[in-house]
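Have a look at the structure below before the remarks.
What follows draws every value from the coordinates through simple rules; no lab data is involved. These figures come from a predicted structure and were not determined experimentally. All Cβ positions, glycine included, derive from the backbone under ideal geometry; neighbour counts span all protein chains shown.
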Amino acid sequence: MQDEATSAPPPARARPNLAAVAALAGVSASTASLAFSGAGPVSATTRAKVLAAAEQLNYAGPDPRAQSLRRGRSGIVGVVMEDRLRDAFRDPVNIAMLDGISDELGTASLGLLLLTEPGQGGVDLSIAPMDAVILVGCSTQLDKAVVVFRQRGIPVVAIEAEPMPDVLAIDLDNRDATARAARHVRQLGHERVALVTLPLEPSHARGVLTAEREAASTAYTVRERIRGAREVFPGVTGVVASASLVEEGLIAGRELLSSADRPTAIIAQSDLLALGVIRAAEERGIRVPQDLSVVGFDGVRIEGADAYELTTLVQPSVAKGRAAGRAIVELLEGGTPAPSGFRSELRIGNTTAAAPR
C-alpha cells in the first residue's frame with residue numbers, strides 16, 4: 001500500500017511578488033512598480049536591474065486583478081452585438097466596425113470584451129466586467145441593454161441607435177441614404193419596387209412587411225431605411241429577413257420573385273441580402289440588371305460576388321468604429337465628447353439598369 005505522505009500532491013508554488021523582485025534588485029517596492037509600469041522617473045539601469053530580477057524569479061508583472069481593484073477599473077470596454085457571434089462575424093460590416101473600435105481602444109491600453117444581448121445566451125450584462133460599453137449594429141433591443149448599463153452607471157456609446165438620454169450617438173444617414181438609392185431606381189423608370197429588410201423585432205421572424213409589424217418594430221435603423229424608401233415610393237412593401245445573411249436574401253428573393261407581378265427592382269437593406277436576392281433571380285433565369293435591378297447597403301466586398309459590382313450605399317464602417325472608440329476613451333478620461341454623424345455614398349454598379357419594357 002502506497003504511503004499517504006508520498007502520494008500527496010506537492011504544495012503549489014507561491015506566486016512571486018513585487019516585493020521579492022524589489023528585494024533581489026536592491027530597490028524599493030515603489031521603484032520596482034514604476035519600473036514595470038514605465039510611468040515614473042526610473043533610470044534605464046535601474047529598470048534593467050528590476051527586469052533581470054523579475055526574470056530570475058519568473059515574475060511576469062503585477063497581478064492585473066489587484067491593479068483593477070486599486071484603480072477601481074477593469075480596463076475593459078464591452079461591445080454588445082445583437083446577433084450570435086458566429087453570425088455577427090459573417091457580416092463584413094461588423095468586422096470593419098470592430099477593427100475601428102479596437103484601433104482606438106488599443107491606443108489607450110483598453111481591452112475589448114465581446115458580448116451578446118439578453119436572450120442570445122451570452123454573459124449576463126448586469127455583471128460582465130467593463131468600464132464602458134459600445135452597442136453595435138442594427139439592433140432590435142438596445143433599450144433593454146441601456147437600462148442595465150444605466151443602473152450600473154457605465155458610460156454608453158451606441159452606433160446607429162434611436163436617441164436616448166445618457167447615450168452618446170454615432171449616427172449614420174440611413175433614411176437619407178436609402179432615399180438617394182430609391183431616387184436612382186425611380187430615375188431608371190422602375191415602378192414595381194420591393195424591399196428586403198433587416199429584422200424588425202427581437203424574434204427575428206421572417207415574413208411579409210406589414211403595417212402592423214412595422215408599427216410594432218423596435219429596430220430603429222430598419223425603420224429609418226424603410227422611411228427613406230417611402231419618401232420616393234410611398235406605398236412600397238416587401239419582406240423581412242431574419243438576419244443580414246446571403247441565405248436570408250435568397251429566401252426573401254425567392255418569395256418576391258415567385259409572384260406573377262414580380263418587382264422589377266429590389267432595394268435590400270444590406271449587401272449580403274442583396275447578393276442573396278441576385279442568386280434567387282439566377283435560379284429563375286431572371287437577368288440582373290436587364291430584368292431585375294438590385295440595390296444593397298454597406299459597400300463591402302463579398303466572397304463569391306465577383307461577377308457583380310453591386311449598386312449600393314457605401315457606409316464608413318471603420319470610421320464609425322473609430323468614432324465610437326474615441327468617444328469611449330474621452331468619456332473614461334472625464335471628457336464630454338460630441339455625438340458623431342456619418343454619410344453614406346451611393347455607388348452605381350452593374351446591378352441596376354433601366355426598367356424592362
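For this structure, a couple of remarks:
- Its relative contact order, with pairs defined as Cα atoms under 8 Å and 6+ residues apart, puts the stretch 257-357 at 32 percent.
- Using the Karplus relation 6.51 cos²θ - 1.76 cosθ + 1.60 with θ = phi - 60°, the per-residue 3J(HN,Hα) values for the stretch 127-132 come to 10, 4, x, 6, 9, 7 Hz, with x marking Gly and Pro.
- As a rough footprinting exposure proxy, the listed residues 258, 270 were ranked by other beta carbons within 10 Å of their own, and the order from fewest upward is 258, 270.
- Overall form of the stretch 174-315 per C-alpha gyration tensor (a/c, 1.5; a/b vs b/c): rounded
- By the beta-carbon count within 10 Å of each Cβ, the least crowded to most crowded order of 204, 184, fewest first, is 204, 184.
- Taking a Cβ cut-off of under 11 Å around residue 237, the surrounding Lys, Arg, Asp and Glu residues balance to a net charge of +1, with basic ones at +1 and acidic ones at -1.
- GluC sites (Glu not before Pro) restricted to DSSP loop in the stretch 275-318 with at most 10 other C-beta within 10 Å: 303
- For the chain, relative contact order (Cα pairs under 8 Å, six or more residues apart, normalised by length) works out to 17 percent.
- Each Lys and Arg Cβ is given +1 and each Asp and Glu Cβ -1; about its Cα centre, the chain then shows a dipole of about 460 debye.
- Interchain or long-range residues, amide H under 5 Å from residue 114's placed H: 79
- Computed from point charges on the beta carbon alone (+1 for Lys and Arg, -1 for Asp and Glu), the dipole magnitude for the stretch 290-336 about its Cα centre is near 260 Debye.
- Taking 173, 91, 103, 261 and counting other C-beta atoms within 10 Å, the order from fewest to most: 261, 103, 173, 91
- Listed options for percent of Cα pairs over 30 Å apart are (1) 39; (2) 55; (3) 49. The value calculated from this structure is the one marked (3).
- Averaging the sequence gap over all C-alpha pairs within less than 8 Å and six or more residues apart, then dividing by the number of residues, gives the stretch 174-315 a relative contact order of 25 percent.
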